[in-house]
Amino acid sequence: MTHVTVPATPWAFEFDSDAVALLCIDFQRDFMEPGGFGESLGNDVSTLRTAIAPTSAVLAAFRERGWTVIHTREGHRADLTDLFPAKRDRGNPSLRIGEEGPMGRLLVRGSKGHDIIPELAPIEGEVVLDKPGKGSFYATDLETILRARGIRQLVVTGVTTEVCVQTTVREANDRGFESLILSDCTGSYFPEFHASALEMFSAQGAIVGWVGTSADLLDSLP
Ligand code: TIU
């Protein structure tokens, strides 16, 4: 077991290696590549790509040390029985969830668009968690998996900062888990939302969590 202290905002984030997990949230083609769900909403998906290289470095560091890695994917059953009409019918996208796009059916499990991008693809032994909502705890067994392994703290990466990352770290916080959100390993289609979500996490004495960088984390590892 290794004890690690990472410089962070509002103060250092400390964790034990056997009680921490790296969470990689929704690095899926549907959000990161043209032709997917993110683009159907009118977004420029290239804005998220800056998160790939730093997340890849953190992933490599966790893998080298044999520390827990968990990947999440937002998506639905092929028959869409777990898709609320309120989610399906929201807004005026060019394609709706479940409709056929260039990467298969949008946000449907098993389609190409639902896959995690090859740069950050899971490897054998890592947890891959499918979720129907924005939060990673809602309607999943994530809390059970974390508690079964004695995990109390999360290093959080993923997209998008103010949607699935924000929802997940708030859910984690209310369940007693502590999160270090890596600013350069998260990304949003809206730079101003990215910046303000990060500020909200660590304000008021880490009311939701801690914010740091991949460089500070990597420099802190033995
Ligand atoms: N639209 C958007 O910014 N995000 C999502 O719909 N899902 C995730 O953040 N994964």
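The values are calculated or read from the model by the stated rules, or taken from the named source; none is laboratory data. Note that the coordinates shown come from a computational prediction; the quantities given were computed from them, not determined experimentally. Neighbour counts run over all protein chains shown; Cβ positions are idealised from the backbone, glycine included. Heads up: the accessible areas ignore ligands, DNA and RNA and are worked out on the full protein's heavy atoms, side chains in. Shrake-Rupley method; radii C 1.70, N 1.55, O 1.52, S 1.80 Å.
Miscellaneous remarks
- Considering only 77, 29, 65, the mean-square fluctuation computed in a Gaussian network model of the chain, springs between alpha carbons under 10 angstrom, is largest for 65.
- Gaussian network model of the chain, Cα within-10 Å springs - most flexible of 64, 124, 199: 124
- Of the peptides 153-159, 112-118, the order by per-residue mean of other Cβ atoms within 10 Å, starting with the highest, comes out as 153-159, 112-118.
- Length gained on full extension, residue 148 to residue 109, computed as 0.36 nm times the residue gap minus the Cα-Cα distance: 11.5 nm.
- Inter-part distance, segment 79-148 to segment 151-192, computed on C-alpha centroids, equals 17 Å.
- Three-way shape label, segment 79-143, alpha-carbon gyration tensor, a/c 1.5: oblate
- Binned Cα-Cα distance frequencies in segment 1-94 - 5 Å width, integer %: 3, 10, 14, 18, 16, 12, 11, 10, 6, 1, 0
- Taken along its three principal axes, the alpha carbon spread of the chain comes to 47, 35, 30 Å, from the longest extent down to the shortest.
- For the chain, with +1 on Lys and Arg beta carbons and -1 on Asp and Glu, the positive-most of 190, 98, 31 along the dipole: 98
- Per atom type, segment 133-222 shows carbon and sulfur on 54% of its accessible surface, probed at 1.4 Å.
- Between 0 and 90 degrees, the angle of helix 52-65 with respect to the longest Cα principal axis of the chain falls at about 50 degrees.
- Using the 1.4 Å probe convention, the accessible area of the chain works out to 43 Å² per residue with neighbouring protein chains retained.
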